[in-house]
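Step one of this worksheet: look at the structure below.
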Amino acid sequence: MGGWYLQPDCNMPSGEAFVRQISDGRKYFNEKFGVTPTVAMNVDSFGHSRGLVQIMKKFGYDGYMIVIPHDYLLDLPSNEFRWVGYDGSEITTVRIAEGYNSFKGRATEKIQRFIDNCPEGDSCICMWGIGNHGGGPSKADLDNNDVFTDKCAAENIDIIQSTPERYFAEKHSDNSKLPEFCESLTPSMVGCYTSQVRLKQKYRQTENTYFMTEMMSSHAAIACTMEYPAEDML
């Protein structure tokens, strides 16, 4: 899902780094799966820079799915909203309640809570799967969900195993009624980043060194003193 190279820190990298993150990821999705995702997804990134809105829109994304910051850290007008970037562009954003995972054999409990909290006649999105940072569905949960889905169908409640793209297309083809949010999606997990301060500093140093090398090589190529080292800069 999402189409990015990986799930990154969504605050510190430069705009150029995000552009390459998306372009490389989308190239892979096209080559391996023959698809171009239109809903970006960073469910465990600790906050999200407002500058991402413009970048995602220019890549053709029309939706963004997050989990963090949780509601106790950031009070949003709604968990489904129009996130407005610095340039006025906007992207429909959904903050998933209760995170993206569930305990083995207990996914139906989570789905039932979402049903209970979903307004009648509306559709809501629920993510489930074993483990934190990976794991996926278990056979027990898949079997339980089949039985639960049939039970809900008898009560005129539809449970659909689907994709982010379908959810956004069916529910948010017109997002004009959604509230807007015009700030960065922060703070989140305050203090976590300082525990990795040396790694963060090295990343920033590496990024700046790369960009400086790019600029020097470009100037040298324009001045015809050397060929631009395109292969080395990939």
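The values are calculated or read from the model by the stated rules, or taken from the named source; none is laboratory data. In this text, all values refer to a predicted model and were calculated from it rather than measured experimentally. For neighbour counting, all protein chains shown are included, and Cβ atoms are generated from backbone atoms with ideal geometry for every residue, glycine included. Side chains are part of the model used for accessible areas, which takes the heavy atoms of the whole protein and leaves out ligands, DNA and RNA. Shrake-Rupley method; radii C 1.70, N 1.55, O 1.52, S 1.80 Å.
Overview of results
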item: Cα centre as origin, Lys/Arg/Asp/Glu Cβ charges: region 97-175 dipole, Debye; result: 380
item: Relative contact order, percent, region 122-234 [alpha-carbon distance under 8 Å, six or more residues apart]; result: 10
item: For region 87-189: rounded, prolate or oblate by the Cα gyration tensor [a/c cutoff 1.5]; result: oblate
item: For the chain: accessible area per residue (Å², 1.4 Å); result: 60
item: Gyration tensor (alpha-carbon) shape descriptor, region 1-127, a/c threshold 1.5; result: prolate
item: Under Karplus coefficients 6.51, -1.76 and 1.60, residue-wise ³J(HN,Hα) of region 214-220 in Hz, glycine/proline x; result: 4, 5, 5, 5, 5, 5, 5
item: Relative contact order [Cα under 8 Å, 6+ residues apart], region 62-139, whole percent; result: 27
item: Among MET216, MET127, MET56: highest mean-square fluctuation, GNM of the chain, C-alpha pairs under 10 Å; result: MET216
item: Per-residue ³J(HN,Hα) for region 99-116, Karplus 6.51 cos²θ - 1.76 cosθ + 1.60, θ = phi - 60°, Hz, x for Gly and Pro; result: x, 10, 10, 8, 7, 4, x, 10, 4, 5, 4, 5, 4, 4, 4, 5, 4, 5
item: Highest-fluctuation residue, GLY85, GLY105, GLY191 considered, GNM on the chain with Cα pairs under 10 Å; result: GLY191
item: Carbon plus sulfur fraction of accessible area for region 91-145, probe 1.4 Å, in percent; result: 52
item: Degrees between helix 139-153 axis and first principal axis of the chain (Cα, 0 to 90, nearest 10); result: 60
item: Charge context of GLY25, other residues only, Cβ under 14 angstrom, K/R +1, D/E -1; result: +2
item: Charge sum, other residues only, whose C-beta stays under 12 Å from THR213's C-beta, Lys/Arg counted +1 and Asp/Glu -1; result: -3
item: ³J(HN,Hα) computed for each position of region 78-91 - Karplus, 6.51 cos²θ - 1.76 cosθ + 1.60, integer Hz, glycine/proline x; result: 5, 6, 10, 8, 9, 8, 9, x, 4, 8, x, 5, 9, 9
item: Per DSSP, loop GluC sites (Glu not before Pro) in region 200-231 with at most 16 further Cβ within 10 Å; result: GLU227, GLU231
item: Relative contact order of the chain, pairs being alpha-carbon contacts under 8 Å that are 6 or more residues apart, as %; result: 20
item: Exposed-site-free run, longest, the chain (rule: chymotrypsin sites (Phe, Trp or Tyr not before Pro); DSSP loop; at most 13 other C-beta within 10 Å); result: 104-234
item: Within a Gaussian network of the chain (alpha carbon springs, distance under 10 Å), most fluctuating of PRO179, PRO37, PRO164; result: PRO179
item: Additional length obtainable on full extension of the chain from MET212 to ARG50, 0.36 nm per residue less Cα span; result: 55.8 nm
